[in-house]
1. If only one of 51, 16, 44, 96 is more than 14 Å from the chain's Cα centre (by Cα) and either among the aromatic types (Phe, Trp, Tyr) or under 30 Å from residue 258 (Cβ atoms) (or both), which one is it?
2. Looking at region 326-333, can you tell me whether even one residue there is within 17 Å of the chain's Cα centre (by Cα) and at pLDDT below 95?
3. Working only within region 1-48, note down all residues that are in contact with a helix residue (DSSP H, G or I) (Cβ under 8 Å, 6 or more places away or on another chain) and among the aromatic types (Phe, Trp, Tyr).
4. Kindly indicate which of 94, 108, 84, 118 is out of contact with any Cys (no Cβ under 8 Å at 6 or more places or on another chain) and free of Cβ contacts under 8 Å to residues at least 60 places away in the same chain.
5. Go through (1) closer than 30 Å to residue 227 by Cβ; (2) in contact with a helix residue (DSSP H, G or I) (Cβ under 7 Å, 6 or more places away or on another chain); (3) in a helix (DSSP H, G or I); (4) in contact (Cβ under 8 Å) with a residue 12 or more places away in the chain for residue 58 and report which single condition fails.
6. Report, by residue number, each residue of region 158-195 that is crowded, with 17+ Cβ neighbours inside 10 Å, closer than 21 Å to residue 50 by Cα and out of contact with any Ser or Thr (no Cβ under 6 Å at 6 or more places or on another chain).
7. Output yes when any residue across region 290-297 is more than 16 Å from residue 18 (Cα to Cα) and in contact with a helix residue (DSSP H, G or I) (Cβ under 8 Å, 6 or more places away or on another chain), and no when none is.
8. Name every residue in region 14-55 that is outside any loop (DSSP other than H, G, I, E, B), surrounded by 20 or more Cβ atoms within 10 Å (Cβ to Cβ) and of a type in the set (Ser, Thr, Tyr), in order of residue number.
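The values are calculated or read from the model by the stated rules, or taken from the named source; none is laboratory data. What you see is a predicted model; the values in this text were computed from it and never measured. Please note: Cβ atoms are built from the backbone with ideal geometry, for glycine as well, and neighbour counts cover all protein chains shown.
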Amino acid sequence: MTKIFLIRHAEAEGNIYRRAHGHYNGLITERGYKQIEKLRERFIDIKIDAIYSSDLDRAHTTAKALSEPRELTINKTEMLREVGLGEWEDNAWGDIEYISPQMNKNFGYDPANWNVPGSESYDHVKARMSYFINETAKQHEGETIAMFSHGFAIRSLLCHIENISSHETEKIPYGDNTAVNLLIYENGTLRIDHKNDNSHLSREHSTLAGQHWWKSEKKRISENLRFMPLNEVCSEDLLRIFQAKAGERAHVDMQYAAFLVDEPVGILGIDTKRDSRQNTGWISYIHVVPAHRKKTFATQLFGLAVSDFRKLRREKLRMEIPSGSPGINFMSKCGFDTLDVTDTVCLMEKYIKNWQ
């Protein structure tokens with residue numbers, strides 16, 4: 001008998017920016033690192049003989065929770081990767097929902113009928129996950145191993161083991177970040193001992209505790225923003241609202257309006273020219289209309305800025321915030337460090353480089 005702990009990676013950028021990250025190599029968030037510490041504590045007294053991980057950074061970084069205390073090598077493999085999302089990669093989920101509603105629904109609850117150009121099929125994900133885990137279990141007969149993978153990939157495997165058809169995948173909800181599944185390989189067969197256990201996380205440390213999309217996938221109410229360049233927004237009233245907010249701010253050369261379906265939520269302005277030779281990008285402003293504050297929307301606007309500047313190969317992202325502003329605390333939670341503070345301005349910076 002071989003025991004396999006199959007663990008989802010810690011919270012990563014795609015989970016909070018609400019962007020489609022399959023093979024896109026997003027980074028672990030501040031809360032994600034706290035989840036990793038909680039996972040380390042959970043397994044402190046459990047014997048682990050070998051560790052395998054997806055080769056994507058968010059899974060490999062999570063695997064260190066178990067490898068470092070035991071001084072074990074992490075065996076990285078593409079076989080445990082997330083599903084490849086093809087043309088959807090790093091697009092906002094709100095844009096995908098708006099432009100491709102049926103394919104978005106299929107992805108959630110009938111993935112065998114989901115396909116986009118360049119994507120990996122549901123059947124292929126199930127096959128590679130099942131093959132790799134079965135073959136690896138044979139090599140570790142009588143041992144306990146840990147494997148680190150991703151939400152869609154893990155769900156696909158669990159549905160395969162339990163013989164759940166594609167249109168019934170909601171019977172196995174997505175697991176929380178760092179959720180633990182225990183698989184048993186015995187007499188040539190895999191079975192599930194328990195699944196999606198996040199008991200090591202408090203509500204504060206749980207990603208899904210603050211999100212609602214996963215609770216009823218077929219009747220989900222969107223929490224995801226879609227974006228439009230401000231010069232493509234047709235409503236003159238909306239333009240006036242946004243431009244009034246932006247008008248007195250720092251220089252911008254790209255502006256985006258954000259919508260929750262068709263309701264205006266906020267605006268983002270970025271400066272792609274300032275400090276470009278220093279591989280630095282600048283956020284000129286992020287604004288969320290008052291009725292939509294204290295939700296996830298400012299984080300999604302920030303995620304759009306990160307995405308744009310990575311495409312420009314920038315390594316750092318900066319923003320100046322009025323001293324004493326509540327925005328300083330928000331940016332700190334987004335991983336920004338304070339570089340300088342004056343009586344009027346707080347300069348903050350985040351390292352965003354994630355290419356190989």
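1. Result of the check over 51, 16, 44, 96: 96.
2. Taking every residue of region 326-333 in turn, at least one turns out to be within 17 Å of the chain's Cα centre (by Cα) and at pLDDT below 95.
3. 17, 24, 43
4. 118
5. Against the list (1) closer than 30 Å to residue 227 by Cβ; (2) in contact with a helix residue (DSSP H, G or I) (Cβ under 7 Å, 6 or more places away or on another chain); (3) in a helix (DSSP H, G or I); (4) in contact (Cβ under 8 Å) with a residue 12 or more places away in the chain, residue 58 comes up short only on (2).
6. Correct list: 178, 179, 180, 181, 183, 190, 195.
7. Scanning region 290-297, I find no residue that is more than 16 Å from residue 18 (Cα to Cα) and in contact with a helix residue (DSSP H, G or I) (Cβ under 8 Å, 6 or more places away or on another chain), so the answer is no.
8. Correct list: 17, 52, 53, 54.
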